[in-house]
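Reviewing the structure listed below.
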Amino acid sequence: MAEDSDLERTEPASARRLEQAREKGQVPRSREIGAFLVLIVAAGMFWSIGPWLMQRSMALVRHGLTLESPLLHEPQRMAVRLSELSLDGLFAISPLLAALAVAALISPFFLGSWVFSTQSLVPDLTRLDPIKGLGRVISWSGIVELFKALAKAGLIAGVAAWVIWSERGQIFALYGQSVESGLAGAGELIVFSFFAVVAGMLLIVAIDVPFQLWQYYDKLKMSKEEVKQEYKEMEGDPQIKARVRAMQREAARRRMMGAVPTADVVVTNPTHFAIALNYRAGMSAPKVVAKGRGEIALKIRELGAANGVPLLEAPPLARALYKHVELEQEIPSALYAAVAEVLAYVHQLSQWRQGAGKYPVAPREIAVPSELMTEAAYG
């Protein structure tokens, strides 16, 4: 039962899930907003430029129905006349077309913004499957869209019927008016009808937008297992991260062990800590090239002994170096004197090995500043 509950889509979509859907071109959409915006802009344009548009239309009709004598004798000029009338008509309706184009372009911003996705252009042959297509039609979403379309058609038809019935007197009065007065009256009726339809569309938009948003986010809901998997992908699988860290530590350990043969001395605890120091001309201070405790300290001592690196037992100094100096870092100034005493012993030992001087006595009591003393356990 617990596994089944983890697979149910009960969790809201994460920010990453929403971004992935957006990259695929999946965003909330409402065709009703676009239709409403186009209608309200058209109604506004008819209201503002209706009289001018009506006068231009009447002038075009008069001009088009007027046949001049040269046109009757030169039919080839009819094509020129037709092109002139077409351009005049296009110019007359160009403000309306431009406003409608702008309305259609800005409508997506009411539910987000434009989305440019190439993934939606990739051919999907599964959409050609008639069985799946029938499933989409008969699905819950298809049934809802069907009822929504029927309700919209019924609402608009009801609004249209109400407009015709309420303005029936003015409609019948158009028959007794002159052409100019009749066209003006018809224009007013058209504008009034547009606003009535737009008012009806506003109710449809108020219902459709929340439904589309709910449907969109409901489709993108995630199961608890998907949430866990996404978290692992974003944060990284703990097992993989632990393995990577282990590999990194092993690589660092190999590099550290490779630096032991180049060290000048290995300072020990004597058994619990081991720190390899290196100093070359030009360095501002000696540097720790390897350090470890327990088994690693043992390997450092064995590797140093195998390569002829001197070993010096200095427990306080070894603990201070292990505690306060990281790999590849120079020793702090507080330890200069103590390490200088060690390096002096190493230099004397090197001279003795070359046959010069006496065998040096290893320093026993190397002073370490009290602030650097540590009581590190020996485990």
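The values are calculated or read from the model by the stated rules, or taken from the named source; none is laboratory data. These figures come from a predicted structure and were not determined experimentally. Because the Cβ atoms are built from the backbone with ideal geometry, glycine has one as well, and the counts that use them run over all protein chains shown. To get the accessible areas, we keep the full protein, side chains included, count just its heavy atoms, and leave off ligands, DNA and RNA. Shrake-Rupley method; radii C 1.70, N 1.55, O 1.52, S 1.80 Å.
General remarks:
- Residues located in region 255-296, provided they are under 48 Å from the mean Cα position of the chain (by Cα) and free of Cβ contacts under 8 Å to residues at least 40 places away in the same chain: 255, 258, 259, 289, 290, 291, 292, 295
- Checked against the criterion of being touching a residue at least 60 places away in the same chain (Cβ under 8 Å) and over 37 Å from the mean Cα position of the chain (by Cα), the candidates 195, 172 yield just one match: 195.
- Restricting region 196-208 to residues that are surrounded by 17 or more Cβ atoms within 10 Å (Cβ to Cβ) and either out of contact with any Phe, Trp or Tyr (no Cβ under 8 Å at 6 or more places or on another chain) or not assigned by the TED database to the domain that holds residue 149 (or both) leaves a set whose member that is farthest from residue 47 (Cα to Cα) is 208.
- The single condition from (1) open to solvent by 30 Å² or more (accessible area, probe 1.4 Å); (2) closer than 14 Å to residue 319 by Cα that residue 292 fails is (1).
- First in region 83-108 and more than 20 Å from residue 34 (Cβ to Cβ) and in contact (Cβ under 8 Å) with a residue 24 or more places away in the chain, second anywhere and charged (D, E, K, R) and open to solvent by 50 Å² or more (accessible area, probe 1.4 Å), Cβ under 8 Å, 6 or more apart: 88/56; 92/56
- As for region 316-331, it holds no residue that is open to solvent by 70 Å² or more (accessible area, probe 1.4 Å), aliphatic (A, V, I, L, M) and farther than 22 Å from residue 253 by Cβ.
- Filtered by the rule that a residue be within 44 Å of the chain's Cα centre (by Cα) and assigned to a loop (DSSP other than H, G, I, E, B), region 315-332 gives 325, 326, 327, 328, 329.
- Meets criteria (surrounded by 14 or more Cβ atoms within 10 Å (Cβ to Cβ), touching a helix residue (DSSP H, G or I) at 6+ places or on another chain (Cβ under 9 Å) and over 25 Å from residue 254 (Cβ atoms)) for residue 277: no
- Test: residue in region 26-47 that is in a loop (DSSP other than H, G, I, E, B), open to solvent by 40 Å² or more (accessible area, probe 1.4 Å), at pLDDT below 75 and more than 19 Å from residue 91 (Cα to Cα): yes
- Considering 303, 335, 312, the condition of being surrounded by 18 or more Cβ atoms within 10 Å (Cβ to Cβ), in a strand (DSSP E or B) and either modelled with pLDDT under 90 or over 51 Å from the mean Cα position of the chain (by Cα) (or both) is satisfied by 312 alone.
- Scanning region 86-128 for residues that are at pLDDT 70 or above and either among the small types (Gly, Ala, Ser) or assigned to a loop (DSSP other than H, G, I, E, B) (or both) gives 86, 89, 92, 94, 98, 99, 101, 103, 104, 107.
- Scope region 80-106; condition hydrophobic (A, V, I, L, M, F, W, C) and more than 26 Å from residue 31 (Cβ to Cβ); matching residues: 80, 82, 85, 87, 90, 91, 92
- Residue count, region 129-171 (criterion: of a type in the set (Asp, Glu) and either at pLDDT below 65 or closer than 17 Å to residue 191 by Cα (or both)): 2
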